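Here's the structure, in structure tokens; my notes come after.
The values are calculated or read from the model by the stated rules, or taken from the named source; none is laboratory data. Not measured: the values here are computed from a predicted model. No Cβ is skipped: glycine too gets one built from the backbone with ideal geometry, and neighbour counts run over all protein chains shown.
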Amino acid sequence: MSQDDKFKKLVAHCKEYGFIFQSSELYDGLGAVYDYGPNGSELKNNIKNYWWQSMVQMHENIVGIDAAIFMHPKTWKASGHVDAFNDPLIDNKDSKKRYRADVLVEDYIDKIEAKINKEITKAQKRFGDAFDEVQFRATNPRVLANVEKMETIAKRLATAMSDGDLADIKALVEELGIACPVSGSRNWTDVRQFNLMFSTQLGNVAGEEDKLYLRPETAQGIFVNFLNVQKTSRQKVPFGIAQIGKAFRNEIVARQFIFRMREFEQMEMQFFVRPGEEMKWYDYWKKARMKWHQAINHPAEKLRYHDHDNLAHYANAAVDIQFEFPFGFKELEGIHSRTDFDLKQHQELSGRKIQYFDPELQENYIPYVVETSIGVDRMFLAVMSHALQEEVVPDADGKDSSRVVLKIHPALAPVKCAVLPLLKNKEELTSKARAVFDKLKFSFNCQYDEKDAIGRRYRRQDAIGTPYCITIDFDTLEDDTVTIRERDTLEQKRISINEIEKIVNEGVDMKALFLEKEDQLV
Ligand code: ATP
């Protein structure tokens, strides 16, 4: 199955099983805005809990806040978003479609990378076990030429972006012969800057000065609260402030499902450190965040670091953690060393001192900041795209049958355990199953299901990633035992009703994810 087909299946699966619906679908939808359904909201909450606990609960020196979406308009002047939070847009005159010019160039680079990978796959087939990829990459003239081409284009784009040289970005699009994917034409407008912030107005004021913005990142709510939080929580540098919340960006091109949305959710942590110590903490968080991703069984080869070629106006170092989505490696999380840019700017524009007195050094300073910033929705997409699988397994009669299974980490699974009476129309079975369900629901999210044959019910639970199914049969009525079926191994065991809670709790416990990380607590 092609990657494209896989992605289409994923989108369809998200809808069919109540994970994600397009917003306002009834009115034909709203571009790049999505709603999470019953299973989706459970999974989203579990992802948020996993992040929150790993930050706030596992680190004595990280505290959480929940700041408002609306902020004083000066916030966005200070942060640089009013003047610099722009994307370069370009229109195709024939199709009238609008694109991000930098993304058109990046897509072109991705195509060259795909060519390199194709070359490698071909060689791998030809040489078999004797194939040495590192050597091939270092010596094959076609690969070397393509790598050089990629690097030259990426460098030129990065320079043009950081210089705001819109004419050169357009020149690049033209020189590379990039055509509009819709019309196929190369008839482009000039490149223009487009500010990504949504604006609105307070009820009782009018005029440009008092324009309100929907926050494009959660970070500024943390910066403006730095002193409030530091004083009330009595934290000493180094310490962090974490937050989960909605952010809004008027993205020019909304594509790839929940990868790029206009309303999305971020999980950000700003870590305040002594000036000069930021690179130490930058390295620390780079590693810690990679471990967080791998702990939920995302394999190392699906994750990689990608250093920024084009640093944002506030950063002195920045790296992305990229994930291999169905449409290739793309940014999942950013780790940025933001210097003292934001706090300094807020100090200047507010006219209030934002200083920290370091009791050990006996001096005042504006702390430096290392931030980790990840989109909940992108993480959701990473989890779903890795977990959704089709496989052939033996059915109840021992024959091969295919199943769609969501092999999600049990700690993130929307439903932890399904309780299934063997037959629907046997009251003694259904009332027993109800009693088991009513007991378990106090401990974790359970589902009771009596409709359809047991095999079909198993498949339904597989499709939403439920790690355990409990079947109540006639033996249960005799000896209080049940069958517990494990999603991935399909192993079925007979256990006592009293053991269910302990077994499921152990299997779905988030603690296991943190224990692996114990060695790297701050
Ligand atoms: P991109 O280059 O993909 O536009 P970015 O570099 O602008 O992303 P950041 O400003 O670093 O992104 O935001 C931090 C994180 O927020 C990203 O790593 C991503 O997970 C998430 N994010 C940013 N924009 C969106 C969006 N439009 N939709 C969903 N998630 C987003």
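Tabulated data for the structure shown
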read-out: The lone exception for Ile354 - which of (1) part of a loop (DSSP other than H, G, I, E, B); (2) surrounded by 20 or more Cβ atoms within 10 Å (Cβ to Cβ); (3) within 16 Å of the ligand (Cβ to nearest atom) it fails; value: (3)
read-out: Counted residues, region 377-412 - those being farther than 30 Å from Ala247 by Cα and of a type in the set (A, V, I, L, M); value: 5
read-out: Region 488-506: number of residues that are in a helix (DSSP H, G or I), surrounded by 13 or more Cβ atoms within 10 Å (Cβ to Cβ) and under 32 Å from the mean Cα position of the chain (by Cα); value: 4
read-out: Conditions (1) buried (at least 19 other Cβ atoms within 10 Å of the Cβ); (2) in contact with a helix residue (DSSP H, G or I) (Cβ under 9 Å, 6 or more places away or on another chain); (3) in a strand (DSSP E or B); number of the one not met by Phe329; value: (1)
read-out: Residues within region 383-410 that are out of contact with any His (no Cβ under 7 Å at 6 or more places or on another chain), touching a residue at least 24 places away in the same chain (Cβ under 8 Å) and not in a strand (DSSP E or B), tallied; value: 10
read-out: Residue count, region 258-316 (criterion: under 16 Å from the mean Cα position of the chain (by Cα) and on the phi > 0 side of the Ramachandran plot); value: 1
read-out: Boolean, Asn187 is within 32 Å of the chain's Cα centre (by Cα) and touching a residue at least 60 places away in the same chain (Cβ under 8 Å); value: no
read-out: Any hit, region 363-370, residues being β-branched (Val, Ile, Thr), more than 16 Å from the ligand (Cβ to nearest atom), part of a loop (DSSP other than H, G, I, E, B) and touching a residue at least 12 places away in the same chain (Cβ under 8 Å); value: yes
read-out: Selected residue (only one of Arg274, Arg260, Arg234 is within 12 Å of the ligand (Cβ to nearest atom), among the basic types (Lys, Arg) and either surrounded by fewer than 20 Cβ atoms within 10 Å (Cβ to Cβ) or in contact (Cβ under 8 Å) with a residue 12 or more places away in the chain (or both)); value: Arg260
read-out: From Gly375, Gly465, residue being on the phi > 0 side of the Ramachandran plot and at pLDDT 95 or above; value: Gly465
read-out: Extreme residue, surrounded by the most Cβ atoms within 10 Å (Cβ to Cβ), among residues of region 424-479 that are part of a loop (DSSP other than H, G, I, E, B) and in contact (Cβ under 8 Å) with a residue 60 or more places away in the chain; value: Gly465
read-out: Test set (1) over 23 Å from Pro367 (Cα atoms); (2) more than 11 Å from the ligand (Cβ to nearest atom) - Leu332 fails condition number; value: (2)
read-out: Hits in region 312-329 - residues which are within 13 Å of the ligand (Cβ to nearest atom) and in contact with a strand residue (DSSP E or B) (Cβ under 6 Å, 6 or more places away or on another chain); value: Tyr314, Ala315, Ala318, Val319, Asp320, Ile321, Gln322, Phe323, Phe329
read-out: Flag for Lys246 being surrounded by fewer than 20 Cβ atoms within 10 Å (Cβ to Cβ) and within 12 Å of the ligand (Cβ to nearest atom); value: yes
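Residue-wise test of (1) under 22 Å from Tyr213 (Cβ atoms); (2) at pLDDT below 95; (3) under 20 Å from the mean Cα position of the chain (by Cα).
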| site | (1), (2), (3) |
| --- | --- |
| Tyr36 | no, no, yes |
| Met55 | no, no, yes |
| Met71 | yes, no, no |
| Trp76 | yes, no, no |
| Lys96 | no, yes, no |
| Ile116 | no, yes, no |
